[in-house]
Amino acid sequence: MSAAIDVDSVTVNYGDVPALDGATLRLNKGRICGLVGMNGSGKSTLFKAIMGLVKPDAGTVTIDGGSPAAARRSGAISYVPQSEDVDWHFPLSVHEVVMMGRYGHMGMTRRPHKKDKLAVAEALDRVELSDFAQRQIGQLSGGQRKRAFVARGIAQGATTLLLDEPFAGVDKRSEATICALLKELAADGAAILLSTHDLHALPELADEAVLIMRRVLMHGDPAVVLQPENLALAFGLDVMKRNEMAL
Amino acid sequence: MSIFEFLLDPFDFVFMQRALAVTVIAAVVCAVLSCWLVLIGWSLMGDAVSHAVLPGVVLAYIAGVPFAVGAVLFGFLAVGLIGAVRDTSRVKEDAAIGIVFTTLFALGLVLISVTPSQSDLTHIIFGNLLGLSHEDLFQVLVLGTITLVILILKHRDFTLFAFDPTHAHAIGLNPRLLGAFLLGLLALTSVVALQAVGVVLVVAMLIIPGATAYLLTDRFGRMLVLAPTISAACAVVGLYASYYLDAASGGMVVLVQGAAFTLVYLFSPRHGLVATRLAAARRRKAASAPEQPARTHTLAG
Ligand SMILES: Nc1ncnc2c1ncn2[C@@H]1O[C@H](COP(=O)(O)OP(=O)(O)OP(=O)(O)O)[C@@H](O)[C@H]1O
Ligand SMILES: [Mg+2]
């Protein structure tokens with residue numbers, strides 16, 4: 001079986017800023033993988049490389065055994081952006097945003113048919129946002145906003161979900177709701193890659209964890225990967241001290 | 001004078017009928033496009049493209065080809081140059097826009113000044129609503145219809161592009177192509193509108209209606225109806241005003257749009273200044289203590 005996501009020695013430079021340097025990562029279907037690393041360690045860049053938003057200077061990305069472009073066209077990939085990247089004042093309802101997940105399956109004018117409306121209603125139901133369908137997206141809480149974007153991926157029928165910091169600005173209860181949802185999706189066969197700074201929740205949520213610092217330092221069982229001496233590799237010691245003080 | 005005479009008198013004249021048709025078409029097409037421009041943050045781009053089409057229009061006039069051809073070429077040239085200056089020098093985007101469009105606009109002015117029988121062309125700068133020919137009307141009708149039909153058929157894609165280009169990319173669409181398409185339509189729209197209000201004031205029609213509608217609703221679908229409705233109404237009122245006050249028609253139309261925006265800015269039920277101030281005052285009264293953010297155990301990030 002080919003891996004859902006196969007990143008093979010990918011190098012990305014922005015001008016002369018190296019963002020990824022030979023990063024290698026394989027993720028199988030049905031698995032949840034947590035991406036952990038400092039600010040600027042290349043997490044978002046890795047997402048962009050998987051999505052084909054940046055062209056690697058070296059290395060290859062394969063999705064479901066094929067090219068990322070083919071995977072995108074078939075609607076297999078869904079991306080939940082970092083909150084800062086979304087215009088929350090945009091005059092769209094939750095329903096309309098989730099419907100955008102269906103556009104790849106629609107005709108030229110993207111007029112929704114019955115099956116599209118059904119898929120959206122089901123997705124909203126799964127993330128428990130049915131009662132909020134007609135709200136403007138900015139009128140949701142942080143956790144609800146994330147769930148709306150996950151619903152878009154569900155409506156799309158994506159089998160590879162990429163979530164950039166889904167727990168930033170989300171309280172513990174919403175985080176638990178999102179985690180439960182992601183686990184359900186993984187149980188249905190989706191491959192889920194997410195970046196997070198919440199190290200405590202990770203062993204409970206993820207099947208695998210990846211330490212990243214421009215390249216993949218370590219990839220394995222979260223309980224092992226998140227050992228303090230390993231984190232020190234990725235974060236540097238001063239950050240670890242700060243973290244301990246905060247605990 | 002009865003109200004009927006007041007309303008109907010101006011349109012005894014053919015030139016006034018043409019003026020009305022052209023203004024309303026221009027107002028509607030510009031207003032629909034402006035909904036996307038204000039949400040993407042392309043108002044300055046609208047300013048730039050609508051000015052930069054001038055040399056294209058002049059060259060098209062000299063070469064005897066449709067204005068639209070020259071306009072679209074120079075519209076893209078302007079966008080390309082802006083991108084090049086921004087990406088390959090340390091000059092920021094707003095400065096790049098300012099440099100490129102003023103230079104191209106100046107080129108247009110110079111070309112007009114050296115072109116024989118330039119009277120047709122000077123009209124392009126300030127608009128010449130009351131002197132429109134039959135051909136002008138025809139051109140506006142054709143271009144306006146084409147632009148409007150494309151905008152309506154592809155409106156969901158353009159909205160997706162405006163809201164979340166990354167998602168557009170993720171589902172296999174090409175956001176760069178969608179953006180380029182929108183810019184091409186912007187250039188076409190500029191040709192439509194410059195017949196009505198002139199190059200200098202086109203940008204007003206490309207920004208004000210969308211911004212006005214944005215203050216009135218939280219639904220993009222409603223914006224797409226409100227903006228052209230308001231814009232067309234303003235165009236008609238402006239035309240009457242210009243007729244009875246004997247004032248510049250293009251200027252009058254834009255002035256009325258500005259007035260409509262001001263009213264909405266102040267009195268819009270949800271997003272108007274008065275409403276938001278009142279709501280804020282009410283909240284201050286009701287609020288006891290500021291909410292504490294939930295404590296989370298996260299790495300400093
Ligand atoms: N568009 C860009 N142009 C130039 N450099 C960039 C660009 N985007 C990212 N970088 C640089 O590439 C490196 C990796 O950035 P990236 O955004 O991938 O990090 P990250 O791990 O997502 O960080 P964070 O935790 O802050 O989101 C950083 O040094 C950053 O400054
Ligand atoms: Mg990031």
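So the values come out like this:
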{"read-out": "Residue in segment A:209-216 that is touching a residue at least 12 places away in the same chain (Cβ under 8 Å) and away from ligand 1 (no atom under 16 Å from the Cβ) present", "value": "no"}
{"read-out": "Test for A:Thr45: is it within 16 Å of ligand 2 (Cβ to nearest atom), farther than 16 Å from B:Ile171 by Cα and of a type in the set (Val, Ile, Thr)", "value": "yes"}
{"read-out": "Complete set of residues in segment B:225-266 that are over 24 Å from A:Pro91 (Cβ atoms), in a helix (DSSP H, G or I) and open to solvent by 50 Å² or more (accessible area, probe 1.4 Å)", "value": "B:Val237, B:Tyr243, B:Tyr244, B:Leu245, B:Leu255"}
{"read-out": "Members of segment A:50-107 that are part of a loop (DSSP other than H, G, I, E, B), more than 9 Å from chain B (Cβ to nearest Cβ) and among the small types (Gly, Ala, Ser)", "value": "A:Gly65, A:Ser67, A:Ala76, A:Gly107"}
{"read-out": "Boolean, B:Leu104 is away from chain A (no Cβ under 14 Å), among the aliphatic types (A, V, I, L, M), surrounded by fewer than 18 Cβ atoms within 10 Å (Cβ to Cβ) and closer than 20 Å to B:Pro66 by Cβ", "value": "no"}
{"read-out": "Residue match in segment B:5-18 (condition: β-branched (Val, Ile, Thr) and either modelled with pLDDT of 90 or more or closer than 25 Å to B:Phe158 by Cβ (or both))", "value": "no"}
{"read-out": "Within segment A:1-29, tally of residues that are outside any strand (DSSP E or B) and within 15 Å of ligand 1 (Cβ to nearest atom)", "value": "2"}
{"read-out": "Residue within segment A:76-89 that is of a type in the set (Asp, Glu), closer than 17 Å to B:Phe220 by Cα and either exposed (fewer than 15 other Cβ atoms within 10 Å of the Cβ) or in contact with an Asp or Glu (Cβ under 9 Å, 6 or more places away or on another chain) (or both) present", "value": "yes"}
{"read-out": "Evaluation of A:Thr45 against (1) near ligand 1 (Cβ under 10 Å from one of its atoms); (2) open to solvent by 30 Å² or more (accessible area, probe 1.4 Å); (3) among the polar types (S, T, N, Q) (one fails), failing number", "value": "(2)"}
{"read-out": "Subset of segment A:14-42 that is open to solvent by 30 Å² or more (accessible area, probe 1.4 Å) and polar (S, T, N, Q) - its residue that is farthest from the other protein chains (Cβ to nearest Cβ)", "value": "A:Thr24"}
{"read-out": "Residue within segment A:154-172 that is assigned to a helix (DSSP H, G or I), open to solvent by 50 Å² or more (accessible area, probe 1.4 Å) and either facing chain B (nearest Cβ under 9 Å) or at pLDDT 95 or above (or both) present", "value": "yes"}
{"read-out": "Residue that is nearest to the other protein chains (Cβ to nearest Cβ), among those in segment B:164-183 that are small (Gly, Ala, Ser) and open to solvent by 10 Å² or more (accessible area, probe 1.4 Å)", "value": "B:Gly172"}
{"read-out": "Hits in segment A:199-212 (condition: in a strand (DSSP E or B) and either open to solvent by 60 Å² or more (accessible area, probe 1.4 Å) or within 14 Å of another protein chain (Cβ to nearest Cβ) (or both))", "value": "A:Ala209, A:Leu211, A:Ile212"}
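The values are calculated or read from the model by the stated rules, or taken from the named source; none is laboratory data. Note that the structure is predicted; figures quoted are calculated from it, not measured. Counting neighbours? That spans all protein chains shown, and the Cβs are built from the backbone with ideal geometry, glycine included. Please note that ligands, DNA and RNA were not included when accessible areas were found on the heavy atoms of the full protein model with its side chains. Shrake-Rupley method; radii C 1.70, N 1.55, O 1.52, S 1.80 Å.
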